[in-house]
Amino acid sequence: FLETTAYFCMKPKMGEKEVSPHSFFSIWHEFSSDFKDFWKKENKLILQERVKEAEEVCRQKKGKSLYNTRPKHDSGIVRKICSN
């Protein structure tokens with residue numbers, strides 16, 4: 001614990017000799033809660049952007065024909081019946 005507080009440069013409050021776990025984890029809890037909230041918001045924005053991009057791609061593909069059609073040529077029995 002002491003190595004962790006030293007790594008994060010935590011200093012004891014006035015009148016205390018060491019950083020207490022309560023003071024360290026109260027600050028850590030605030031940080032992690034804020035980070036989680038920002039993470040969720042950022043992920044939501046990224047998801048919205050991806051949905052918009054996918055909708056645009058879908059709209060562009062709908063504009064183009066996905067397959068080619070050729071006129072039907074009569075052959076076989078149909079041609080023989082119609083030509084008589």
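The values are calculated or read from the model by the stated rules, or taken from the named source; none is laboratory data. Please read all numbers here as calculations on a predicted model, not as lab measurements.
The table that follows gives values for the structure above.
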quantity	calculated
Total residues in the range 6-64, condition assigned to a helix (DSSP H, G or I) and under 34 Å from the mean Cα position of the chain (by Cα)	41
Candidate set: the range 23-72, residues that are among the β-branched types (Val, Ile, Thr) and more than 30 Å from Thr4 (Cα to Cα); chosen: the one modelled with the lowest pLDDT	Thr69
